[in-house]
Amino acid sequence: MPQSLSLVIVHVIFSTKERRPFLDPDTRPKLHAYLATVARNADCEAYRVGGVADHVHLAIRLSRTITIADLVETLKTSSSKWAKTQSPALADFSWQRGYGCFSVGPADLDSLRAYIDGQEEHHKTRTFQDEFRMFLKKYGVEYDEAYVWD
């Protein structure tokens with residue numbers, strides 16, 4: 001086959017360091033738009049970006065020319081630098097070291113978009129840690145609680 005084709009959709013989740021609530025309602029839309037632009041600049045398609053004060057979710061079609069680790073590093077590094085320029089209150093902003101990334105089938109993309117859109121509602125009753133544990137369980141990811149949080 002002379003052409004390389006792929007359709008890999010991933011759900012990426014990462015938190016602010018120590019889950020500090022840096023992302024106020026005014027900052028979030030700008031940050032989400034910035035993250036979508038970073039993904040597009042990496043030849044990925046950002047289907048949805050959303051989150052609350054202490055974390056973000058991204059639904060992304062992964063380019064066939066970039067690894068997940070490289071994409072997440074680019075997203076986090078670039079957006080962290082950008083955030084620090086937005087307000088003196090964000091001078092100490094940083095993301096946690098790790099991240100979660102889960103594969104999603106095309107048939108589940110609409111559900112993922114709706115889930116990301118409903119973040120405010122989800123987090124009225126569920127912490128980030130509980131949500132992340134739920135995804136680890138849902139996708140069958142084994143983990144050691146001692147190494148998940150920073």
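Somewhere in the range 96-117, is a residue polar (S, T, N, Q) and within 19 Å of Val8 (Cβ to Cβ)? Break it down into steps so the answer makes sense when it comes.
Filtering the range 96-117 down to residues polar (S, T, N, Q) leaves 96, 103, 111.
Retained after the next criterion (residues that are within 19 Å of Val8 (Cβ to Cβ)): 103, 111.
Within the range 96-117, one or more residues are polar (S, T, N, Q) and within 19 Å of Val8 (Cβ to Cβ).
Tell me which residues, restricted to the range 35-52, are crowded, with 17+ Cβ neighbours inside 10 Å and in a loop (DSSP other than H, G, I, E, B). Spell out how you get there, then give the answer.
Taking the range 35-52 and keeping what is crowded, with 17+ Cβ neighbours inside 10 Å, we get 35-36, 38-39, 42, 44, 46-52.
Ala42, Cys44 - these are the residues of the range 35-52 that are crowded, with 17+ Cβ neighbours inside 10 Å and in a loop (DSSP other than H, G, I, E, B).
For the range 47-65, does any single residue satisfy the condition of being acidic (Asp, Glu), more than 19 Å from Ser6 (Cβ to Cβ) and out of contact with any helix residue (DSSP H, G or I) (no Cβ under 9 Å at 6 or more places or on another chain)?
So the first thing to find is which residues in the range 47-65 are acidic (Asp, Glu), and the list is 54.
Keeping just the survivors that are more than 19 Å from Ser6 (Cβ to Cβ) gives 54.
Within this subset, residues satisfying the condition of being out of contact with any helix residue (DSSP H, G or I) (no Cβ under 9 Å at 6 or more places or on another chain) are none.
Checked against the condition, which is being acidic (Asp, Glu), more than 19 Å from Ser6 (Cβ to Cβ) and out of contact with any helix residue (DSSP H, G or I) (no Cβ under 9 Å at 6 or more places or on another chain), the range 47-65 yields no hits at all.
Checking Ile68 against (1) over 23 Å from Phe135 (Cβ atoms); (2) aliphatic (A, V, I, L, M); (3) in contact with a Leu (Cβ under 7 Å, 6 or more places away or on another chain), which single condition isn't satisfied?
Condition not satisfied by Ile68: (1).
Test of understanding: among Asp117, Asp108, Asp43, which residue is under 16 Å from the mean Cα position of the chain (by Cα) and among the acidic types (Asp, Glu)?
Numbers: Asp108 fails: under 16 Å from the mean Cα position of the chain (by Cα); Asp43 fails: under 16 Å from the mean Cα position of the chain (by Cα).
Answer to the check: Asp117.
Scan the range 71-90 for residues that are in contact (Cβ under 8 Å) with a residue 12 or more places away in the chain and either hydrophobic (A, V, I, L, M, F, W, C) or surrounded by fewer than 15 Cβ atoms within 10 Å (Cβ to Cβ) (or both) and jot them down. Write out each step before concluding.
So in the range 71-90, the residues in contact (Cβ under 8 Å) with a residue 12 or more places away in the chain come out as 71-72, 74-76, 78-80, 82-83, 86-87, 89-90.
Those that are in contact (Cβ under 8 Å) with a residue 12 or more places away in the chain and either hydrophobic (A, V, I, L, M, F, W, C) or surrounded by fewer than 15 Cβ atoms within 10 Å (Cβ to Cβ) (or both): Leu71, Val72, Leu75, Trp82, Ala83, Ser87, Ala89, Leu90.
Specify which of the listed residues (Arg61, Arg126, Arg133) is more than 12 Å from His11 (Cβ to Cβ) and not in a helix (DSSP H, G or I). I'd like the intermediate steps shown before the answer.
On the way: Arg61 fails: more than 12 Å from His11 (Cβ to Cβ); Arg133 fails: not in a helix (DSSP H, G or I).
The match here is Arg126.
Using the structure shown, decide if Phe93 is over 21 Å from Tyr47 (Cα atoms), modelled with pLDDT of 95 or more and aromatic (Phe, Trp, Tyr). Give the steps one after another, and end with the answer.
Numbers: over 21 Å from Tyr47 (Cα atoms): yes; modelled with pLDDT of 95 or more: yes; aromatic (Phe, Trp, Tyr): yes.
Yes: the conditions hold for Phe93.
Would you pick out the residues in the range 17-34 that are without any contact (Cβ under 8 Å) to a residue 60 or more places away in the chain, in a loop (DSSP other than H, G, I, E, B) and hydrophobic (A, V, I, L, M, F, W, C)?
Leu23
Which residues, counting only those in the range 46-70, are free of Cβ contacts under 8 Å to residues at least 60 places away in the same chain and within 11 Å of the chain's Cα centre (by Cα)?
The first filter runs over the range 46-70 and keeps only residues free of Cβ contacts under 8 Å to residues at least 60 places away in the same chain, leaving 46, 53, 56, 58-63, 65-70.
Once the filter is applied, which keeps residues that are free of Cβ contacts under 8 Å to residues at least 60 places away in the same chain and within 11 Å of the chain's Cα centre (by Cα), the range 46-70 yields Ala46, Val56, Leu58, Ala59, Ile60.
For residues in the range 64-112 being outside any helix (DSSP H, G or I), of a type in the set (A, V, I, L, M, F, W, C) and touching a Lys or Arg at 6+ places or on another chain (Cβ under 7 Å), which is farthest from Tyr34 (Cα to Cα)?
Step one: filter the range 64-112 for residues outside any helix (DSSP H, G or I), giving 64-67, 85-87, 91-105.
Now restrict to residues that are of a type in the set (A, V, I, L, M, F, W, C): 66, 91, 93, 95, 101-102, 104.
So of that shortlist, the ones also touching a Lys or Arg at 6+ places or on another chain (Cβ under 7 Å) come out as 91, 93, 95.
Values: Ala91: 17, Phe93: 15, Trp95: 15 Å.
This residue is Ala91.
The values are calculated or read from the model by the stated rules, or taken from the named source; none is laboratory data. Bear in mind the structure is a predicted one, so any value in this text is a computation, not a measurement. All Cβ positions, even for glycine, are placed from backbone atoms using ideal geometry, and neighbour counts span all protein chains on display.
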